[in-house]
Amino acid sequence: MEKKNNARALFALMSIYIIWGTTYLAIRVGVKDLPPVLFSGLRWLCAGPIMIGILLLKKYKLPNKNDILHLTISGLLLLGGGNVLVVFAEQWIPSGLTALLITTVPFWAVGIEALIPNGKKLNSFIIVGLILGFLGVTIIFGGDFHKLFEPAYFKGVIGILLAEICWAAGTVYSKYKKISVHPLMGAAAQMIIAGLVISLFGLLIGESTHFSFTHDSLLAFIYLILFGSLAGYGSYIYAISHLPVSLVSTYAYVNPIIALFLGWLILGEEITIWIVLASVVILAGVTVVKKGSERQSIAHTK
């Protein structure tokens, strides 16, 4: 059964690599016409009940009172902090540059995990792998790196930084605070709880007066519900419940490659030899981190 769960978790991780690489583009399209907080909150508020309905039909049990507390904390960190702030930032920061900045999530995640009393400590493989991954993505977007210091991007950069910290903290919290229900049921509850809080906040700050779908923003909204929320977030929650945080966090290295490909396919952006080289470096970093996470798990069980 453990091997079966690990196989499913690895498949879930592969899904995250691909699906979340496409969501940067969808968010960028949607936030051009929709206010960021309600855009994000309503997405999760729509996705959560759909997932819970499917799981209830399959006879999965609902979370208990203790579960709700942990799911509220992790959901608000991951979705209320991590996701909303990414949507907020993409008002000013292009999707590709956002993907670049998000690559630092593994640094925060493994750093936070290393600081907690029973957390897994860093080893040389993980450190080298993270450096390789960040170097590879830096090569891809090296020509645009100076934009990080332009005043117009300042709010977006701050938003991404806070999003990274929230997402990493939520990831580690979810890893160590176990719940009694299936991870997918937990993910559905997180969507509803966070979706309610985010949407209420959006209403309080007056975003409802600016919320009106266009053709493109509606398509982006639907795509993010079906793929980014239901398929992507469900896979993420399942993966972090069965795999090391350092391994799951490597999705942040692969997502920019997908975002780059979409830029070439949809926007006609050029792919150079430097981009190909960077892709090789990123994949090498993912491989090294995977090796380090395996050694980390062995050391932690001794």
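Within the stretch 271-295, how many residues are in contact with a Lys or Arg (Cβ under 9 Å, 6 or more places away or on another chain) and either at pLDDT 75 or above or surrounded by fewer than 19 Cβ atoms within 10 Å (Cβ to Cβ) (or both)?
Our first condition is that a residue be in contact with a Lys or Arg (Cβ under 9 Å, 6 or more places away or on another chain); within the stretch 271-295, this holds for 293.
Narrowing further to those that are either at pLDDT 75 or above or surrounded by fewer than 19 Cβ atoms within 10 Å (Cβ to Cβ) (or both): none.
Number satisfying all stated conditions: 0.
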Original post:
Hey, does the stretch 142-162 have a residue that's in contact (Cβ under 8 Å) with a residue 24 or more places away in the chain, part of a helix (DSSP H, G or I), out of contact with any Leu (no Cβ under 9 Å at 6 or more places or on another chain) and of a type in the set (Gly, Ala, Ser)?
Top reply: yes
Subject >> Search result, residues across the stretch 57-76 that are part of a helix (DSSP H, G or I) and surrounded by fewer than 23 Cβ atoms within 10 Å (Cβ to Cβ) >> reply: 57, 65, 66, 67, 68, 69, 70, 72, 73, 76
Subject >> Failed condition for residue 52, given (1) in contact with an Asp or Glu (Cβ under 9 Å, 6 or more places away or on another chain); (2) closer than 18 Å to residue 233 by Cα >> reply: (1)
Original post:
Scanning the stretch 127-173 for residues that are modelled with pLDDT of 85 or more and not hydrophobic (A, V, I, L, M, F, W, C), which turns out surrounded by the fewest Cβ atoms within 10 Å (Cβ to Cβ)?
Top reply: 155
**OP:** Filter the stretch 176-186 down to residues that are of a type outside the set (Ser, Thr, Tyr) and surrounded by fewer than 20 Cβ atoms within 10 Å (Cβ to Cβ), then give me how many there are.
**Re:** 4
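Yes/no matrix, rows are residues, columns are (1) under 20 Å from residue 260 (Cα atoms); (2) part of a loop (DSSP other than H, G, I, E, B); (3) among the aromatic types (Phe, Trp, Tyr); (4) touching a residue at least 40 places away in the same chain (Cβ under 8 Å):
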| residue | (1), (2), (3), (4) |
| --- | --- |
| 100 | yes, no, no, yes |
| 112 | no, no, no, yes |
| 118 | no, yes, no, yes |
| 121 | no, yes, no, yes |
| 129 | no, no, no, yes |
| 133 | yes, no, no, yes |
| 137 | yes, no, no, yes |
**OP:** Would you be able to say whether some residue in the stretch 86-96 is of a type outside the set (S, T, N, Q), over 30 Å from residue 127 (Cα atoms) and surrounded by fewer than 23 Cβ atoms within 10 Å (Cβ to Cβ)?
**Re:** yes
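Each row is one residue, and each column tells you yes or no for (1) under 25 Å from residue 25 (Cα atoms); (2) of a type in the set (D, E, K, R); (3) in contact (Cβ under 8 Å) with a residue 12 or more places away in the chain; (4) surrounded by 24 or more Cβ atoms within 10 Å (Cβ to Cβ).
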| residue | (1), (2), (3), (4) |
| --- | --- |
| 188 | yes, no, yes, yes |
| 193 | no, no, yes, no |
| 210 | yes, no, yes, no |
| 241 | no, no, yes, no |
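Taking the condition of being among the small types (Gly, Ala, Ser), modelled with pLDDT under 80 and either in contact with a helix residue (DSSP H, G or I) (Cβ under 8 Å, 6 or more places away or on another chain) or within 23 Å of residue 124 (Cβ to Cβ) (or both), how many residues in the stretch 242-270 meet it?
Taking the stretch 242-270 first, the residues among the small types (Gly, Ala, Ser) are 246, 249, 252, 259, 263, 268.
Among the residues that remain, those that are also modelled with pLDDT under 80 are: 246, 249, 252, 263, 268.
Going one step further and asking which of them are either in contact with a helix residue (DSSP H, G or I) (Cβ under 8 Å, 6 or more places away or on another chain) or within 23 Å of residue 124 (Cβ to Cβ) (or both), we end up with 246, 249, 252, 263.
Matching residues across the stretch 242-270 total 4.
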Original post:
How many of the residues in the stretch 199-236 are touching a Leu at 6+ places or on another chain (Cβ under 7 Å) and under 23 Å from residue 74 (Cα atoms)?
Top reply: 3
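The values are calculated or read from the model by the stated rules, or taken from the named source; none is laboratory data. Bear in mind that the values here come from a model prediction, so they are computed numbers and not experimental data. Ideal geometry is used to build each Cβ from the backbone, glycine not excepted, and the neighbour counts take in all protein chains shown.
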